[in-house]
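> Here it is, the structure, as structure tokens.
The values are calculated or read from the model by the stated rules, or taken from the named source; none is laboratory data. Remember, predicted model here, so these are calculated numbers, not experimental data. Don't worry about glycine lacking a Cβ; one is built from the backbone with ideal geometry, like all the others, and counts go over all protein chains shown. With ligands, DNA and RNA removed, areas are computed over all heavy atoms of the protein, side chains included. Shrake-Rupley method; radii C 1.70, N 1.55, O 1.52, S 1.80 Å.
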Amino acid sequence: MEKLKFTLENEEKTLQFGQILASNLIPQLSNLQRAICLYVIGDLGAGKTTMTRGFINSLKYEGIVKSPTFTLVEPYDFKDFFIYHFDLYRLNDPEELEFMGIRDYFLKKAICIIEWPEKAYGYLADPDFIIDMKYGTDKRYVEMTFNLENKDLFDSIKNNFK
């Protein structure tokens, strides 16, 4: 398990962080027959949805990327894969996820970006990455934990934040 810490100075850098994640993770999907799962942890306003917007928009998605706070999941369909953006902030009971077929999302060739995963432990796939975002007065502080056993991926992301 590897950890990487860095600072994002503004919204533009947070969007760029999402773009860098996308450019490094999407090629990994070709080697997998399952989803790559990202847990995104952080208080309200920490930049979780902004990072996700940067990720999805970098893939030439032309619609609006919004937080699925009330729908729990927002799907994005691309040619060879899916992105599922979960926001579990308003989840009342994690068992609700069973009714929506949560496990099926993790079996597809997809990226699952899950905000507020702590509200549903035990119902989610294990994370390949944990992204912990904290905010200061004018910056965001990020700590990424890599659970994928892929040193090249870790090094590639790390090199973008030196």
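> Among the numbered conditions (1) more than 16 Å from Lys109 (Cα to Cα); (2) in contact with a strand residue (DSSP E or B) (Cβ under 9 Å, 6 or more places away or on another chain); (3) without any contact (Cβ under 8 Å) to a residue 24 or more places away in the chain, tell me where Asp77 comes up short.
(1)
> Taking segment 86-101, which residues are within 21 Å of the chain's Cα centre (by Cα), assigned to a loop (DSSP other than H, G, I, E, B) and farther than 14 Å from Glu115 by Cβ?
Pro94, Met100, Gly101
> Return a yes/no flag: does segment 57-72 have any residue that is part of a loop (DSSP other than H, G, I, E, B), under 21 Å from Leu124 (Cβ atoms) and basic (Lys, Arg).
No - not one qualifying residue is present in segment 57-72.
> Assess whether Asn160 counts as being over 19 Å from Ala35 (Cβ atoms), within 15 Å of the chain's Cα centre (by Cα), open to solvent by 50 Å² or more (accessible area, probe 1.4 Å) and touching a residue at least 40 places away in the same chain (Cβ under 8 Å).
no
> Which condition from (1) over 22 Å from Tyr141 (Cβ atoms); (2) assigned to a loop (DSSP other than H, G, I, E, B); (3) modelled with pLDDT of 90 or more is the one that Tyr76 breaks?
The number of the failed condition is (2).
> While we're looking at this one, here's another question. Only residues in segment 110-132 that are surrounded by fewer than 18 Cβ atoms within 10 Å (Cβ to Cβ) count as the first member; pair them with residues that are at pLDDT below 95 and charged (D, E, K, R), Cβ under 7 angstrom, at least 6 apart or cross-chain, and list the lot.
That search, which allows pairs on different chains as well, returns Tyr123/Glu98; Asp132/Glu143.
> If I filter segment 82-93 down to residues being open to solvent by 30 Å² or more (accessible area, probe 1.4 Å) and farther than 19 Å from Gly42 by Cα, which single residue comes out as modelled with the lowest pLDDT?
Asp93
> So, one more: Considering only residues of segment 28-51 that are modelled with pLDDT under 90 and either in a strand (DSSP E or B) or touching a helix residue (DSSP H, G or I) at 6+ places or on another chain (Cβ under 9 Å) (or both), which is surrounded by the fewest Cβ atoms within 10 Å (Cβ to Cβ)?
Gln28
> Can you work out which of the residues in segment 1-22 that are over 13 Å from the mean Cα position of the chain (by Cα) and part of a helix (DSSP H, G or I) is surrounded by the most Cβ atoms within 10 Å (Cβ to Cβ)?
Looking at the filtered set, the residue picked out is Lys13.
> Next up: At pLDDT 90 or above, assigned to a helix (DSSP H, G or I) and either on the phi < 0 side of the Ramachandran plot or among the small types (Gly, Ala, Ser) (or both): which single residue out of Asp155, Asp104 fits that description?
Being at pLDDT 90 or above, assigned to a helix (DSSP H, G or I) and either on the phi < 0 side of the Ramachandran plot or among the small types (Gly, Ala, Ser) (or both) holds for just one of Asp155, Asp104, which is Asp104.
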